[in-house]
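These notes are about the structure you will find just below.
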Amino acid sequence: MIPALLALLALVDAAFCGFRDAAGRNPRIEKRAYFLRAIRRGAAAGLAAVAALAALTFTVLWLAPDPADLWLDLLAAGRRLVLVHGAYATLVCAALLAYALPLHEVRVLASVMILGPFTMMRPWVLAAGALLAALHATRPETAALTLVSALAMGLLERLLGRGWRDGRPVPFGPS
């Protein structure tokens, strides 16, 4: 259950990264299709990252002298990550409820007062969750995998933004 929750949190975070990366880059009034493509692109990048991190984790488990003990330590670290990142995701999703309201001013206020600062907090939340999990890990492999995973997710948004800086969209998913 813990690995599935972490994968889900990573995929939702990546989809939001795709949305945030595309925001403000298109002058059209009707942007639904544009944002859906950006969200799919972010989710595809997140899926690639989750798959790579899962492969790395299974490789480390396969090479470990005591894989069962390492798995238990990884689950304990995962619980800590779910606690921190799940709380952050819950706050972001609660702020997104403002978008269900028909009042444009409320949606703008939610973006400026809540979603903007939460976006700036994202790297700190990633770091806090990773440090909490890594510092309580009993195995160095767990600490290393935790830090590598946080770094990969932290770099994901920069990777998505790189395509825009180069003047072309990122090659994840349909464009």
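Taken as a whole, the structure leaves A98 outside the set of residues that are part of a helix (DSSP H, G or I) and touching a Ser or Thr at 6+ places or on another chain (Cβ under 6 Å).
Evaluated against (1) at pLDDT 80 or above; (2) surrounded by fewer than 19 Cβ atoms within 10 Å (Cβ to Cβ), G167 falls short on exactly one condition, (1). Considering only segment 65-74, state which residues are exposed (fewer than 15 other Cβ atoms within 10 Å of the Cβ) and touching a residue at least 40 places away in the same chain (Cβ under 8 Å). D69, the sole residue that qualifies. In the condition set (1) surrounded by fewer than 16 Cβ atoms within 10 Å (Cβ to Cβ); (2) within 26 Å of R122 (Cβ to Cβ), G18 is compliant with all but (1). Could you identify the single residue in R107, R79 that is under 23 Å from A144 (Cα atoms) and either in contact (Cβ under 8 Å) with a residue 60 or more places away in the chain or among the charged types (D, E, K, R) (or both)? Result: R79 is the single residue among R107, R79 that is under 23 Å from A144 (Cα atoms) and either in contact (Cβ under 8 Å) with a residue 60 or more places away in the chain or among the charged types (D, E, K, R) (or both). Being under 30 Å from R32 (Cβ atoms), assigned to a helix (DSSP H, G or I) and modelled with pLDDT under 80 is the requirement here; does Y88 meet it? For Y88, the condition - under 30 Å from R32 (Cβ atoms), assigned to a helix (DSSP H, G or I) and modelled with pLDDT under 80 - is not met.
Condition check: modelled with pLDDT under 90, outside any helix (DSSP H, G or I) and within 21 Å of the chain's Cα centre (by Cα). Does G24 satisfy that?
yes
The single condition among (1) hydroxyl-bearing (S, T, Y); (2) outside any helix (DSSP H, G or I); (3) buried (at least 16 other Cβ atoms within 10 Å of the Cβ) that T138 does not meet is (3). Taking segment 1-26, which residues are under 20 Å from A87 (Cβ atoms) and either among the basic types (K, R) or touching a Phe, Trp or Tyr at 6+ places or on another chain (Cβ under 7 Å) (or both)? Within segment 1-26, just R20 meets the criteria. On inspection, P3 qualifies as assigned to a helix (DSSP H, G or I) and closer than 23 Å to L145 by Cβ. Considering segment 27-51, the residues that are touching a Phe, Trp or Tyr at 6+ places or on another chain (Cβ under 7 Å) and not hydrophobic (A, V, I, L, M, F, W, C) include one that is surrounded by the fewest Cβ atoms within 10 Å (Cβ to Cβ), namely R28.
When segment 100-159 is examined, which residues are found to be among the polar types (S, T, N, Q), modelled with pLDDT of 80 or more and over 30 Å from L72 (Cβ atoms)? Full working, then the answer.
Taking segment 100-159 as the starting set, the residues that turn out to be among the polar types (S, T, N, Q) are 111, 119, 138, 142, 146, 149.
Next, only the ones that are modelled with pLDDT of 80 or more stay: 119, 138, 142, 146, 149.
The one that is among the polar types (S, T, N, Q), modelled with pLDDT of 80 or more and over 30 Å from L72 (Cβ atoms): T119.
Here the condition is being part of a helix (DSSP H, G or I) and crowded, with 16+ Cβ neighbours inside 10 Å; of A144, A77, it holds for A77 alone.
The values are calculated or read from the model by the stated rules, or taken from the named source; none is laboratory data. Bear in mind the structure is a predicted one, so any value in this text is a computation, not a measurement. So basically every Cβ, Gly included, is an ideal-geometry build from the backbone, and we count neighbours across all protein chains shown.
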